[in-house]
Amino acid sequence: MRLSSTVIQQGGEVPARYTSDGENISPELSWQDFPDKTQSFVLIVHDPDAPRPGGFTHWVLYNIPPSTSHIDENISHDEQVAGLGLQGNNDGGKTGYIGPAPPSGTHRYFFRLFAIDKMLDLPPGATHKQVSAAIKGHILAQAELVGTYENKSEQAA
């Protein structure tokens, strides 16, 4: 399975538009070559370099239908997004995407897509931990796209 984006290259910088320095909107993502038995997808965007135990989760999206292989940019912050699935709470305590805003240094942002063999029995607003526990033992394949970002206001200081 492969995960890609027209705006984030593997290992490259996340464009400011998708961060707290810009419009803070979710980026476009696409995937292909997933298993035929996929019943749903889960997307988790996580910063393991954040200065807090376990890092910082920026986006949790789950119960993405198996007929979907693309996410447009600027997804709403609604708990349920028509044709796309359910959104969980990020580590900022809000539903939907929150862009990179590292307090210092360059951080890595892991966009991880999981193909799973079921729809998750979770309500909207589930946390990264809840979704990770629910997919355990049900992952058919996974793909990863890593972007980096350094806070621009820090660079100017």
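Filter the range 70-94 down to the residues that are charged (D, E, K, R) and surrounded by 13 or more Cβ atoms within 10 Å (Cβ to Cβ) and list them by number. Walk me through how you get there before you give the answer.
Applying the first criterion (charged (D, E, K, R)) to the range 70-94 yields 72-73, 78-79, 91, 94.
Scanning the range 70-94 gives Glu73, Asp78, Glu79, Asp91.
Of the residues Arg52, Arg112, Arg108, only one is without any contact (Cβ under 8 Å) to a residue 40 or more places away in the chain and over 18 Å from Glu23 (Cα atoms); which?
On the way: Arg112 fails: without any contact (Cβ under 8 Å) to a residue 40 or more places away in the chain; Arg108 fails: without any contact (Cβ under 8 Å) to a residue 40 or more places away in the chain.
Answer to the check: Arg52.
Are any residues in the range 26-39 in a loop (DSSP other than H, G, I, E, B) and surrounded by 15 or more Cβ atoms within 10 Å (Cβ to Cβ), and if so, which ones? Break it down into steps so the answer makes sense when it comes.
So the first thing to find is which residues in the range 26-39 are in a loop (DSSP other than H, G, I, E, B), and the list is 26-28, 33-39.
Scanning the range 26-39 gives Ser26, Pro27, Glu28, Phe34, Thr38, Gln39.
Restricting attention to the range 48-67, and to residues there that are more than 9 Å from the chain's Cα centre (by Cα) and buried (at least 22 other Cβ atoms within 10 Å of the Cβ), which single residue is farthest from Lys136 (Cα to Cα)?
Phe56
Looking at the range 129-145, I want the residues that are outside any helix (DSSP H, G or I) and have a partner that is of a type in the set (Asp, Glu) and modelled with pLDDT of 95 or more with Cβ atoms under 7 Å, at least 6 apart or on another chain. Which pairs are those?
Sorted first by the residue in the range 129-145, then by its partner, the pairs are His138/Asp117; Leu140/Asp117.
Is at least one residue of the range 40-50 at pLDDT below 95 and closer than 20 Å to Val131 by Cβ?
Yes, that holds for at least one residue.
Under 6 Å by Cβ, and 6 or more places apart or on different chains, what pairs join a residue from the range 27-38 that is in contact (Cβ under 8 Å) with a residue 40 or more places away in the chain with one that is of a type in the set (Phe, Trp, Tyr)?
That search, which allows pairs on different chains as well, returns Pro27/Tyr18.
So that you can scan it fast, the table gives a plain yes or no per residue for (1) acidic (Asp, Glu); (2) touching a Cys at 6+ places or on another chain (Cβ under 8 Å); (3) under 17 Å from Ser26 (Cβ atoms):
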{"position": "Val60", "(1), (2), (3)": "no, no, yes"}
{"position": "Thr68", "(1), (2), (3)": "no, no, yes"}
{"position": "Asn74", "(1), (2), (3)": "no, no, yes"}
{"position": "Gln80", "(1), (2), (3)": "no, no, yes"}
{"position": "Asp91", "(1), (2), (3)": "yes, no, yes"}
{"position": "Thr95", "(1), (2), (3)": "no, no, yes"}
{"position": "Ile116", "(1), (2), (3)": "no, no, no"}
{"position": "Leu122", "(1), (2), (3)": "no, no, no"}
{"position": "Gln130", "(1), (2), (3)": "no, no, no"}
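Considering (1) in contact with a strand residue (DSSP E or B) (Cβ under 6 Å, 6 or more places away or on another chain); (2) within 11 Å of Val42 (Cβ to Cβ), say which one Ser132 fails and leave the rest.
Here Ser132 meets the rest and fails (1).
Of all residues in the range 95-121, which are at pLDDT 95 or above, surrounded by fewer than 18 Cβ atoms within 10 Å (Cβ to Cβ) and assigned to a loop (DSSP other than H, G, I, E, B)?
Across the range 95-121, the qualifying residues are Asp117, Lys118, Met119, Asp121.
The values are calculated or read from the model by the stated rules, or taken from the named source; none is laboratory data. Note that the structure is predicted; figures quoted are calculated from it, not measured. Don't worry about glycine lacking a Cβ; one is built from the backbone with ideal geometry, like all the others, and counts go over all protein chains shown.
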